[in-house]
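Here is the structure we will look at.
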Amino acid sequence: MYVIANRITVTGSTELYEEIYAEGGAFMERQPGLVRHQLVRSLHEPGVYFSLALWADRESFERCARQREFKEIFGRTKGLVDIDHHRCAVVSAGEPAPAAR
């Protein structure tokens with residue numbers, strides 16, 4: 001599992017950023033190897049988001065990120081956000097027991 005975890009500070013319109021991310025998310029959903037993605041917004045700092053994307057492997061993510069459409073979509077965030085990129089590996093994971101769901 002390969003994880004992309006980015007802290008994003010929106011310096012422009014949060015509505016525009018969310019629209020761009022929705023378009024980028026839809027693009028990623030069509031790519032082989034994406035497990036899931038999520039964009040969450042801080043309750044304490046409304047201009048701060050965290051983008052989490054789980055990929056089957058690093059190669060799947062890199063193949064997606066090299067595509068022209070990916071670069072065009074997320075390139076529209078230039079000047080709109082400051083991003084602290086993190087590429088991660090899962091070291092521990094869990095989920096509720098079946099009875100607790």
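The values are calculated or read from the model by the stated rules, or taken from the named source; none is laboratory data. Since the structure is predicted, the reported quantities are computational estimates derived from the model, not experimental observations. Using ideal geometry, Cβ is built from the backbone for each residue, glycine included, and neighbour counts are taken over all protein chains shown. Surface areas here come from the heavy atoms of the whole protein model, side chains and all, with no ligands, DNA or RNA. Shrake-Rupley method; radii C 1.70, N 1.55, O 1.52, S 1.80 Å.
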Reported set for region 64-75 where residues are of a type in the set (D, E, K, R) and over 15 Å from the mean Cα position of the chain (by Cα) is 66, 68, 69, 72
When region 59-79 is examined, which residues are found to be part of a loop (DSSP other than H, G, I, E, B) and either touching an Asp or Glu at 6+ places or on another chain (Cβ under 9 Å) or under 20 Å from residue 26 (Cα atoms) (or both)? 66, 67, 76, 77, 78
Listed residues 93, 53, 99, 89; which is over 14 Å from the mean Cα position of the chain (by Cα) and closer than 12 Å to residue 5 by Cβ? 89
Enumerate the pairs (first residue in region 17-46 and assigned to a helix (DSSP H, G or I); second residue anywhere and among the small types (Gly, Ala, Ser)) with beta-carbon separation below 8 Å, excluding pairs fewer than 6 apart on the same chain, so at least 6 apart or on different chains. 21/51; 28/53
So, in region 47-101, of the ones that are of a type in the set (Val, Ile, Thr) and within 20 Å of residue 15 (Cα to Cα), which residue ends up most open to solvent (accessible area, probe 1.4 Å)? 83
